[in-house]
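Chemist: Before anything else, here's the structure in question.
The values are calculated or read from the model by the stated rules, or taken from the named source; none is laboratory data. Because the structure is a prediction, the values reported are computed rather than measured. Heads up, the Cβs are rebuilt from the backbone with ideal geometry, glycines too, and the neighbour counts pull from every protein chain shown.
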């Protein structure tokens, strides 16, 4: 969980542009929890089931070898069925998590924009969006439930077939005088401890399918490529005066073929106030976002006090840049904590001046 959060923190802006917050939240909470449950409970139950199954089979072999050979073919049949069910249900669980992510995204967007929703009186429309997402999730969960409603009766059918085989062949041995009723009862008791862990394995297969689907979604983030990283030889940016130079800068967003900026060049001297004017979508915000390397340029270079921003560490660069974003976001804490967010060690005088 900690590693996933750290990776989300390190991923570049372009990754967050392509992935909704609600989807990332589900992966960091619900998907991680399903993996944790399987590792913390499912694996332990699996070990217990295997130990119990092995011990019961050994006792059966010592009690009556012939009857044990009668029921042994049932075990590989059950294992094959479990593997088939696991393979069938895993992609279905992936779809369940995707539907849950969609539902969570609708909820997150509405809670974040509740003032806008109320201002435009679009509550009925948003309610329909949420209902549709909830219905999609419910239908997918019903599909999975139907498949598992077939699995467990099959497990019990296999157990009953085993009992029937023992009853038939054991009865013949009793009639022939090669098996006593007491030995048959003892064998039947041990047989219960064979089929009980088989039932446990059916439950474990369900947990494992969910955990495997969730683990794949988690590793999609952990294995995601970060477009903006420090060079191996990147050095800390020394204290700057504030000279900024755009030298033939071109830029396009990830996955786009259109350039937002094309061969842009200008300079801003320390202490100089520079205003960038243009129509909506003309690239004003893109110019600003390139300086702290929220994105990397497609062509050209950006210099801060003569240093190419790609040649210095990202942390040292951003620590010396103050940005007022278009959208305000307040973190949990006091007003002072939010003012000093970029410099938690700032003095009261510095906070008041800010």
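Chemist: Among the residues of the range 218-232, count how many are over 12 Å from residue 11 (Cβ atoms) and free of Cβ contacts under 8 Å to residues at least 60 places away in the same chain. First the steps, then the outcome.
Modeler: Start the filter on the range 218-232 by keeping residues that are over 12 Å from residue 11 (Cβ atoms), which leaves 218-219, 230-232.
Imposing the further condition that a residue be free of Cβ contacts under 8 Å to residues at least 60 places away in the same chain reduces the set to 219, 232.
Going through the range 218-232 one residue at a time, the tally reaches 2.
Chemist: What tally of residues in the range 237-261 results from selecting those that are surrounded by 12 or more Cβ atoms within 10 Å (Cβ to Cβ) and at pLDDT 85 or above?
Modeler: Residues meeting the conditions: 17.
Residue by residue, here is whether (1) in contact (Cβ under 8 Å) with a residue 60 or more places away in the chain; (2) under 45 Å from the mean Cα position of the chain (by Cα); (3) in the same structural domain as residue 79 (by TED's automatic domain parsing) holds:
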{"position": "149", "(1), (2), (3)": "no, yes, yes"}
{"position": "158", "(1), (2), (3)": "yes, yes, yes"}
{"position": "170", "(1), (2), (3)": "yes, no, yes"}
{"position": "174", "(1), (2), (3)": "no, no, yes"}
{"position": "194", "(1), (2), (3)": "yes, yes, yes"}
{"position": "198", "(1), (2), (3)": "yes, yes, yes"}
{"position": "203", "(1), (2), (3)": "yes, yes, yes"}
{"position": "208", "(1), (2), (3)": "yes, yes, yes"}
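Chemist: Looking for whichever is under 23 Å from residue 142 (Cα atoms) and touching a residue at least 24 places away in the same chain (Cβ under 8 Å) here; the options are 70, 84, 32. Which one fits?
Modeler: 32
Chemist: Another question, then. Right, residue 173: at pLDDT 80 or above, over 30 Å from residue 97 (Cβ atoms), part of a helix (DSSP H, G or I) and out of contact with any helix residue (DSSP H, G or I) (no Cβ under 7 Å at 6 or more places or on another chain) or not?
Modeler: When the stated conditions are applied, residue 173 passes them.
Chemist: Select from the range 287-323 the residues that are part of a helix (DSSP H, G or I) and over 30 Å from the mean Cα position of the chain (by Cα) and list them in ascending order.
Modeler: 287, 288, 309, 310, 311, 316, 317, listed by residue number.
Chemist: Go through the residues of the range 174-196 one by one and say whether even a single one is buried (at least 16 other Cβ atoms within 10 Å of the Cβ) and either within 30 Å of residue 311 (Cα to Cα) or in contact with a strand residue (DSSP E or B) (Cβ under 7 Å, 6 or more places away or on another chain) (or both).
Modeler: The answer is no; no qualifying residue exists.
Results for (1) assigned to a loop (DSSP other than H, G, I, E, B); (2) under 21 Å from residue 7 (Cα atoms); (3) modelled with pLDDT under 90, shown as yes or no for each residue.
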| site | (1), (2), (3) |
| --- | --- |
| 224 | yes, yes, yes |
| 263 | no, no, no |
| 271 | yes, no, yes |
| 328 | yes, no, yes |
| 331 | yes, yes, yes |
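Chemist: To continue, here is another question. Would you check which residues across the range 104-115 are over 15 Å from the mean Cα position of the chain (by Cα) and either assigned to a helix (DSSP H, G or I) or within 12 Å of residue 127 (Cα to Cα) (or both) and list them? Steps first, please.
Modeler: Residues of the range 104-115 over 15 Å from the mean Cα position of the chain (by Cα): 106-115.
Across the range 104-115, the qualifying residues are 106, 107, 108, 109, 110, 111, 112, 114, 115.
Chemist: Now for a separate question. Only one of 77, 84 is modelled with pLDDT under 85, out of contact with any helix residue (DSSP H, G or I) (no Cβ under 8 Å at 6 or more places or on another chain), exposed (fewer than 13 other Cβ atoms within 10 Å of the Cβ) and not assigned by TED's automatic domain parsing to the domain that holds residue 252. Can you tell me which?
Modeler: Working: 77 fails: out of contact with any helix residue (DSSP H, G or I) (no Cβ under 8 Å at 6 or more places or on another chain).
Answer to the selection: 84.
Chemist: Can you tell which of 55, 42 is part of a helix (DSSP H, G or I) and surrounded by fewer than 18 Cβ atoms within 10 Å (Cβ to Cβ)? Give the derivation first.
Modeler: Working: 42 fails: surrounded by fewer than 18 Cβ atoms within 10 Å (Cβ to Cβ).
Selected residue: 55, the only one of 55, 42 that is part of a helix (DSSP H, G or I) and surrounded by fewer than 18 Cβ atoms within 10 Å (Cβ to Cβ).
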